[in-house]
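The values are calculated or read from the model by the stated rules, or taken from the named source; none is laboratory data. Source: prediction; values computed, not measured. Cβ atoms come from the backbone with ideal geometry, glycine included; neighbour counts cover every protein chain shown. Please note that ligands, DNA and RNA were not included when accessible areas were found on the heavy atoms of the full protein model with its side chains. Shrake-Rupley method; radii C 1.70, N 1.55, O 1.52, S 1.80 Å.
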Amino acid sequence: MDSPSVGYQNHPLNVALHWLEDETFFSLCSRQHFFYGDMTPVMTSARLMNSTALKIKHDFPYNLDTLNERLVSAWGSPETIICKHTILPMFFPFQSEANINAAVLAMRSSKLGSIKYCLGLVTGRFGAEHPLKACRVCMTSDAAAHGVSYWHLIHQYPGVIVCPIHHQMLMECHHNRRWSARFRWSLPSKDMLIDRLEIAPEPGTQNVLIQLATAIIDLAALGSYRRFDPKTVQAVYRNALSLCRSGRNMKTVAASLSHLTSQLQSYHPLTSLPTTAEGAASFIEQLIRSPRGHCHPLKHLIMIIWLFGDVDSFVEAYEHQEAMVDQPSSIAAENNSGA
């Protein structure tokens, strides 16, 4: 029997499928797998990456520098794929340039290394596993429009629990999980998806889930070009908290946050969120004290939707704070020039 590498040589990749709207890299690779009718995941890996090593994970694919040249021409460079078709950009805005560059390099190279630790996944208490997710309505409409259901990027970000378009609870795939034993190329279908075990949300809770999902997607959209300085972020949070207090004590303010987080806490991966005023006060303190590395963006997003409602309002407050910091130096420069 031929080895996978021999199979690749005998059956080169001479047709490259094209991106569907909001499609993940793993999804397009899976469509390519089924298009060719390859018998094993390794054969497809050999076609796609000129390598028999399976390194295309659905959340953080890596070894992208070995991607087949025909695919690079059709799909874009490794950097383009990472920034437009993986969940990684969600983690960029609150990270240092050094960590961002290291993460991109890891996904281009043959080893992921400590990328999940550097991005705050290991210590962030939101989990480092990102199960594939799909929306029933999206699956039906995609099959009607394109003849196939596929994995949408907006569904895969950690913390997105409802489809932001159809407001349906997302289903999770039981393939490619730590307990599922082996890797598979896959596309969403009813036989591989399971409903979340959580109860259906009340209308108020569903609104909060949609608000969080929208904020996550908006943050990811900023990932390719926006970075937030930790000290400025800290100042923005402090300013907003001062307005929130307005004569109220900190315990009352923290209770407001715990009311929000209690609505989210029963849904994975948000189960570590506080449900008491004391826990919420500790959560707040973590984000307004001296900035620390390896912070999961979901922590910031919880603060953002609580204090500002949405990412755009946070960005506006952040830019205002930046201008306030720059103003004294501008005034000093004007005074010196006029002296």
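Quick look at the numbers
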item: Close Lys-Lys pairs in the chain, where close means Cα under 19 Å and separation is 8 or more or interchain; result: 11
item: Net charge over other residues, Cβ less than 11 angstrom from the Cβ of residue 188 (K, R count +1; D, E count -1); result: 0
item: Solvent accessible area, Å² - residue 35, 1.4 Å probe, full protein context; result: 110 Å²
item: Heavy-atom accessible surface of the chain: percent carbon and sulfur, 1.4 Å; result: 53 percent
item: Accessible area of region 85-182 divided out per residue, in Å², using a probe of 1.4 angstrom; result: 41 Å²
item: Loop trypsin sites (Lys or Arg not before Pro), region 236-290, which have at most 14 other Cβ atoms in a 10 Å radius of their Cβ (DSSP); result: 248, 289
item: Dipole axis of the chain (+1 Lys, Arg; -1 Asp, Glu on Cβ), positive-most option in 110, 98, 85; result: 110
item: Span-like helix ranges in the chain, DSSP H, alpha carbon extent 18 angstrom or more, Kyte mean at least -1.0; result: 203-222, 230-245, 250-264, 311-338
item: Test item: Cα-centred dipole of region 38-143, Lys/Arg +1 and Asp/Glu -1 on Cβ, debye; result: 200 debye
